[in-house]
Amino acid sequence: MTAKIVNLDPVTPVTPAPVRRVVGPPPPPDVLLDVRGLKTYFHVMDGTVPAVDGVDFQLKRGETLGLVGESGCGKSVTSLSIMRLIDIPPGEIVAGEIWFDGQEILSMPMSQMRKIRGSDMSMIFQEPMTSLNPVFTVGNQIAEAVKAHRDVSGREAWSRAVEMLEAVGIAAPKRLAKQYPHELSGGMRQRVMIAMALSCDPKLVIADEPTTALDVTIQAQILELIKALQERTGAALLLITHDLAVVAETVQRMAVMYAGRIVESGPVEDVLLRPQHPYTLGLLSSIPALHKRGRQLDVIKGVVPNPFRMPAGCKFEPRCPYAWDRCRQSDPELLAIPGGDVRARCYLHSPEGASRLAEFERVSVATVADETL
């Protein structure tokens, strides 16, 4: 009987070729950051969460842009997507383009992205205590960032670290550079993070709620410091916050996010003094003030929609006092508002919303007048 010979050689799996992204033309030279149709989803056990679901904005060289919205609207995920720091899995950038300094960075190899991240673009994170390494001195951590992106010696990197600590207003920078993060106050740690972010003279600084864990007086100092350093270095600044007062004092342009999408954008004065979206108007009317003492505080009724069961139409429709049947059928695009540089994602500004727009504008004018008393 002839034995049957079985081939036991392992089969080498065929790795599929990477999918090439189809990208559009590059932005104009004066545009440093151009985000187009960005979609970042998280695949979890209960389903898929569209954390960022079609975000578009531009940031010019040397400009300041504020990204505003309540917790969970997708602000931080947008910034992490720009830096390509999304955990994959469960996260995935499923669509869109991100142009930075004339390059489309979503399609470039990660090795090339690492050379840009920390050098040409940097980030100031929300909580410095979780961003700084507890077992290394702050000077060593800043020097390490400098050595990673600059052809310098260890002594030169240390000198740069001390120089940056002095630039952010820290007294006795040589002594503080030898201290550990736990030995510093919250404000000091945030100054260290700012020093690290600016140590390689980036073209773009992303500040993700840099004053969240600080008291009011330290918040003001940190914001003034970021603004002064940004003006001195000429870097563009993307400021992420939920505080409209911070935006009003710090940025030139702003974009309001809700449920993973930008619902209104434009120059900060236009958006805050002449809001064109009901959500922006709701945020403004809910700001507490001394002259409102004794009055019931205005709130945006309802809750943010469940990310697993988003409305079919406008995501703000269940909470909007101006919604009608059209809003439930499809999600509006960002519509240009006549007479300015503002865009709003609302059917009030479409031809079929003209009859409701007058009432919205009347309430908007009254609300802004009340807030500016």
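Throughout, read-outs are computed from the coordinates displayed, never taken from laboratory work. Owing to the predicted nature of the structure, the values given are computational and were not obtained by experimental measurement. Counting neighbours? That spans all protein chains shown, and the Cβs are built from the backbone with ideal geometry, glycine included.
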Pseudo-spin-label distance residue 252 to residue 328, built 7 Å along Cα→Cβ, given in nm, is 4.4
Straight-line reach check, residue 315, cutoff 16 Å on alpha carbons, 8 or more apart in-chain or any other chain, hits among aspartates and glutamates -> 53, 70, 264, 325, 331, 333
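Most exposed first by the Cβ proxy, i.e. fewest other Cβ within 10 Å, how do 217, 40 rank?
On the way: 217 9, 40 23.
Least crowded to most crowded, the residues run 217, 40.
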Residue 114 and residue 291 label points (each 7 Å along its Cα→Cβ direction) are spaced in nm at 5.6
Ordering 185-191, 73-79, 227-233 by per-residue average of other C-beta atoms within 10 angstrom, highest first, gives 73-79, 185-191, 227-233
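Write down Rg/Rh for region 230-361, rounded to two decimals, with Rg from the C-alpha atoms and Rh from the Kirkwood relation over Cα pairs. Before the final figure, lay out each step's value.
On the way: Rg = 15.9 Å, Rh = 16.1 Å.
My calculation puts Rg/Rh at 0.98.
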Rounded to the angstrom and largest first, Cα extents along the principal axes for the chain equal 84, 78, 40
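Using 27 Å as the Cα-Cα cut-off, could you pick out the over-long pairs in 60/292; 147/203; 75/178; 75/292; 39/227? Display every interim value, and only then the final one.
On the way: 60/292 38 Å; 147/203 18 Å; 75/178 34 Å; 75/292 30 Å; 39/227 30 Å.
In this structure, 60/292; 75/178; 75/292; 39/227 lie more than 27 Å apart at Cα.
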Expressed in Å to one decimal, the Kirkwood Rh of region 139-283 from all distinct alpha-carbon pairs is 16.7
Here region 16-108 gives, from Cα atoms, an Rg and Dmax in Å of 13.8, 43
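Per the Kirkwood formula on distinct C-alpha pairs, the Rh of region 127-201 is how many angstrom? Present the calculation step by step, with values, prior to reporting the outcome.
Values: mean 1/r = 0.0844 Å⁻¹.
That comes to 11.8 Å for region 127-201.
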